[in-house]
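No lab work stands behind these numbers, since they all come straight from the coordinates. Only a predicted model underlies this, so the values are computations on that prediction, with no experimental measurement involved. Glycine also receives a Cβ, built like all others from the backbone with ideal geometry; neighbour counts cover every protein chain displayed.
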Amino acid sequence: MPPIPHVDVKAQYAPLIPQLEAAFSRTLETGRFIFGPEVEGFEREAAEYLGVQQGIGVANGTDALVLVLDALEIGAGDEVICPAFTFYATAEAIARVGAIPVFADIDPVSLNIDPADVELRITPKTKAIMPVHLYGRPADVAALRSFGLPLIEDAAQAFGAAGIATSIASTFSFFPTKNLFAIGDGGMIAANDAELAERLRMLRFHGSRAKKTFEYVGYNSRLDALQAAMLRIFLPHLDGWNGARREAAARYAELGLGEIAELPVDEPGHVYHMYCIRTTERDQLAAALTEAEIGFQSYYDPPLHLQPALAYLGGAAGDLPETEKASAENLCLPMWGGISEEQQQYVVDVLRKASSLVTS
Ligand SMILES: *Cc1c(COP(=O)(O)O)cnc(C)c1O
C-alpha cells in the first residue's frame with residue numbers, strides 16, 4: 001500500500017485542474033486582482049449557499065474573527081467565552097483585540113463547547129460567546145443562544161454543516177485543508193445583520209467606504225480575486241465532497257474500528273472536517289501508523305489554556321477536565337472527500353494489529 005496522507009487535498013481538486021486553469025487565465029485577462037466581479041460573485045454564491053444575509057470575503061479565517069470582534073466593538077476589559085479545545089486562532093483573535101478569552105469546558109461526546117459550563121462563566125463583562133463547530137460537527141447554538149449574548153460562530157472547519165451560520169456573524173477559513181478551500185489563504189464572514197456587514201466591509205479596507213475618507217482605523221484584509229475565482233469552482237462540489245466524507249466516516253465504523261477505539265458519534269449535520277477517534281493507547285497506535293506511513297494528527301495538545309502565549313490568563317492543568325482528556329486522547333485519522341475503501345481498510349488493519357484491545 002502506498003503511503004496514505006492525513007488529508008489528500010489534491011485528490012479532491014485534480015479533476016478540476018482544467019477549470020481552475022481557465023479561471024486563472026480569465027482573471028489574468030481582466031487585470032482585476034482586488035475586489036471586482038469574482039469576489040462579489042463568490043460572496044453572493046457563498047451567502048446563498050449558507051442561507052445568510054451577506055458574505056464578506058477576507059484574507060483568512062483568523063482575520064475574519066478579529067474583524068467581527070472589532071466591528072462589534074469588543075475590546076479591552078471585555079470577556080468572550082470560547083473553548084480551549086480548538087485551533088489557537090479562536091482565542092488569539094479575542095486576545096488580539098485586547099479582550100479576555102474565558103475558556104469553557106467541552107462536552108465529551110460532541111467535543112464542542114458545553115453550554116452548561118458556559119453558563120457558569122458568564123459575568124457582567126461577558127460580551128459574546130464564540131462556539132467552534134469543531135471537526136465539522138455543529139455546536140449547540142440553540143442552547144448557547146438562550147443566554148441572550150451575541151454568538152460569533154467560528155465555523156472555519158464547518159462549511160456545509162447543517163444548522164450553522166444562524167448567528168449575527170460566523171467566520172470561515174479557506175485554508176487548503178478545510179472542507180471548502182482556496183489554493184492559498186482565504187476567509188469569509190457570514191453576517192446576518194446589514195449594519196454589521198457594512199462595517200465589516202469598511203474595516204477590511206482600512207475603514208473606508210470609498211477610498212477617499214477613512215472612518216475607522218481598519219485593516220487590509222481582502223479575499224484575492226484569484227482565490228475567489230478558484231472558490232467559485234469548488235463551491236458547487238462541496239456537497240459531494242462532504243457527502244463522501246460522511247460515507248467514509250460510516251465506513252470506518254463498518255470496518256470495525258469501534259473495537260479498537262471510541263468513534264465520533266454521528267449526527268446528520270456533521271461534515272467530518274476531521275475524523276477523530278479517542279484512545280488511551282494513543283502513543284502505541286500512533287507509532288504503528290507512522291511505521292505504516294499513514295498520516296495522522298493529534299490536535300490541540302496542549303489545549304489553549306495551557307499554551308505559553310496565554311499563560312497570563314492564569315490557566316492551569318486540571319481547570320478543564322474534559323478538554324484535557326480529549327487533548328490527550330484524540331487521534332485524527334486519514335479523511336478527505338474521496339478516500340478509498342482500500343485505504344480505510346488498511347488504516348483499520350494497522351490499528352487492529354497495534355491495539356491491545358483486539359486479540360484475534
Ligand atoms: C483554521 C482555523 C482558523 C483559522 O483560519 P486561517 O484561515 O488559517 O486563519 C480559526 N479557527 C479554527 C477553528 C480553525 O480551524
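Ordering of 334-340, 237-243, 68-74, 287-293 by packing is 68-74, 334-340, 237-243, 287-293, highest average first (other Cβ atoms within 10 Å, averaged per residue).
Start at zero, step by 10 Å, and the Cα-Cα distances of region 80-198 spread as 14, 47, 34, 5, 0 percent across the bins. Among beta bridges from DSSP that stay inside the chain, the antiparallel ones total about 60%. The stretch between I233 and T290 holds 17.1 nm of extra length on full extension. This uses 0.36 nm per residue minus the Cα-Cα distance. For K353 and D283, calculate 0.36 nm times their separation in residues minus their Cα-Cα distance, and state this gained length in nm to one decimal. Full extension of this stretch gives 23.8 nm more.
Taken over region 238-354, the ratio of Cα radius of gyration to 2.2 N^0.38 Å equals 1.17. The alpha-carbon of K125 sits under 28 angstrom from the alpha-carbon of none of the lysines, leaving out residues fewer than 8 places away in its chain. By the Cβ distance rule (another cysteine Cβ under 4.7 Å), the unpaired cysteines of the chain are C82. Provide, for q = 0.16, 0.20 Å⁻¹, the log10 of I(q)/I(0) from a solvent-free Debye sum over equal Cα point scatterers in region 63-127. After summing over all Cα pairs, the log10 values are -0.50, -0.76.
Straight-distance candidates among the lysines for linking to K10, with alpha-carbon spacing under 23 Å and chain neighbours fewer than 8 residues away dropped: K178. Restricted to Cα atoms, the chain shows a radius of gyration and a Dmax of 20.7, 73 angstrom.
In Å, what Kirkwood hydrodynamic radius results for region 18-140 from the alpha-carbon pair distances?
About 16.7 Å for region 18-140.
Estimate the FRET efficiency between A142 and E21 by the formula 1/(1 + (r/R0)^6), using the beta-carbon distance for r and 51 Å for R0, to the nearest 0.05. Each step should come with its number before you reach the end.
On the way: r = 44 Å, r/R0 = 0.86.
After rounding, the FRET efficiency stands at 0.70.
Assuming 0.36 nm per residue, please report the length gained on full extension of the stretch E198 to K325 beyond their Cα-Cα distance. Each step should come with its number before you reach the end.
On the way: separation 127, 0.36 × 127 = 45.72 nm, distance 4.17 nm.
Computed gain between E198 and K325 is 41.6 nm.
Note on region 116-156: Rg/Rh from C-alpha atoms, Kirkwood Rh, equals 0.96.
Taking a temperature of 20 °C and a viscosity of 1.002 mPa s, what whole-number D in µm²/s does Stokes-Einstein yield for region 29-93 with Rh from Kirkwood over alpha carbon pairs?
Numbers: Rh = 14.2 Å.
Answer from the Stokes-Einstein relation: 151 µm²/s.
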